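The values are calculated or read from the model by the stated rules, or taken from the named source; none is laboratory data. Keep in mind that this is a model prediction, so the values were computed, not measured. Here the Cβ positions follow ideal geometry from the backbone for every residue, glycine too, while neighbour counts run over all protein chains shown. Note: areas computed on protein heavy atoms with side chains; ligands, DNA, RNA excluded. Shrake-Rupley method; radii C 1.70, N 1.55, O 1.52, S 1.80 Å.
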Amino acid sequence: MQIRIRRGWEIPEAHATPEAVVMARRSLLGAGAGLLAGTGAAQAQWLSPSRLFQAPVKEQPRKPLAAARNARFVAGRDITEEIHATTYNNYYEFGTSKSIVAPAQALVLEPWTVRIEGMVANPRTVGLEELLKQVTLEERVYRFRCVEAWAMTVPWVGFPMAELLRIAEPQAGAKYVVFSTLADEKIMPGIREGFYPFPYTEGLTLAEAANELAFMAVGMYGKTLPPQNGAPFRFITPWKYGFKQAKSIVKISFTDKRPVGFWEALQAEEYGFWANVNPAVPHPRWSQARERLLGSGEMVPTQIWNGYGTFVADLYKGLEKERLFA
Ligand code: MTE
């Protein structure tokens, strides 16, 4: 993910950015320029596990999760090797690099509680373990498409978001669900930096959340999620760009007002509420026509709704005037 620096004369003096933040943003844009230009170094990072370039990391143990694969969801692509999906990450709370496996190990995963609040029958805080007793875990292999034009195919373990709605019991007037994620400056250097609008939040309409593709994940590759991929609890909406799919969720709120997500708050011209995948709608600064598969580095055509149109296209009938694809 990248941001655009406004020119100095576009903001009042009172809003001038501190030097440290400017320097942080410069290094971010520098990294992004490499990504887009496809320099040798950036290419190598796609082709090889980023772990090869890092000092060995003692990772938190992951528990095995028994869950039958749901055959209804066929990705039509090879599953990405686990080492690639778990070492090339976006998790800005731990830094802007793709290689955040080491700092992310500081996440304390147990006990984990989730606050359910806003327009619901009964606002409450539930332990994740308690929540999981009320659902049946399954495995789903989904394609995943990042707005940065890389993609992977992952066997997630979790349960339908529709089940979460059933448990949360939103009130009749609720229209949106908003997921807020952990923001703990003691363990998250990105938060201490003070530049980004944390906590990371993302929202969906209740119709999107009730769609059968929308999924709450607690695991991947037959084990609990690793910290870097959003342990212990994140959501997956495979027809949308990856930035919608919030990690390490601690709060789920229901509201009748459309929420402004993390990236929309930062850069509304580039990242909006809907963020559905469409190869024909370029990002203002790069094409979305093709995507690079993590691991092989192969470039393949991107599909509208990331190929999940039969499940989700009807959700957007009558909304054609909205900015559905950014
Ligand atoms: N959730 C939180 N809390 N913080 C983040 O920085 N990054 C998003 C999304 N969820 C992010 C997040 C982005 S930009 C992407 S592409 C995906 O997580 C990456 O998920 P992955 O690292 O499991 O591939």
Next item on the list: Within region 136-158, track down each residue that is more than 20 Å from residue 295 (Cβ to Cβ) and open to solvent by less than 20 Å² (accessible area, probe 1.4 Å).
Entry: 157, 158
Item checked: Where residue 263 falls short, out of the listed (1) open to solvent by 40 Å² or more (accessible area, probe 1.4 Å); (2) touching a Phe, Trp or Tyr at 6+ places or on another chain (Cβ under 8 Å) -> (1)
Check: Among (1) crowded, with 22+ Cβ neighbours inside 10 Å; (2) more than 26 Å from residue 297 (Cα to Cα); (3) within 9 Å of the ligand (Cβ to nearest atom), where does residue 228 come up short?
Finding: (2)
Item checked: Subset of region 231-241 that is assigned to a loop (DSSP other than H, G, I, E, B) and open to solvent by less than 10 Å² (accessible area, probe 1.4 Å) - its residue that is farthest from residue 155 (Cα to Cα) -> 241
Check: Name the pairs whose Cβ atoms lie under 6 Å apart, with the first residue in region 168-194 and in the same structural domain as residue 260 (by TED's automatic domain parsing) and open to solvent by less than 40 Å² (accessible area, probe 1.4 Å), the second among the small types (Gly, Ala, Ser) and not in a loop (DSSP other than H, G, I, E, B), and 6 or more positions between them or separate chains?
Finding: 176/203; 177/209; 178/203; 178/253
Note to self: Only one of 236, 249 is within 22 Å of residue 312 (Cα to Cα) and assigned by TED's automatic domain parsing to the domain that holds residue 72. Can you tell me which?
What the structure shows: 236
Item checked: Residue pairs meeting the criteria (Cβ under 6 Å; at least 6 apart or on separate chains; first surrounded by fewer than 15 Cβ atoms within 10 Å (Cβ to Cβ), in region 275-291; second acidic (Asp, Glu)) -> 284/270
Next item on the list: Could you check, for region 247-255, whether at least one of its residues is within 20 Å of residue 138 (Cα to Cα), within 13 Å of the ligand (Cβ to nearest atom) and not basic (Lys, Arg)?
Entry: yes
Next item on the list: For region 295-319, enumerate the residues that are in a strand (DSSP E or B) and aliphatic (A, V, I, L, M).
Entry: 299, 300
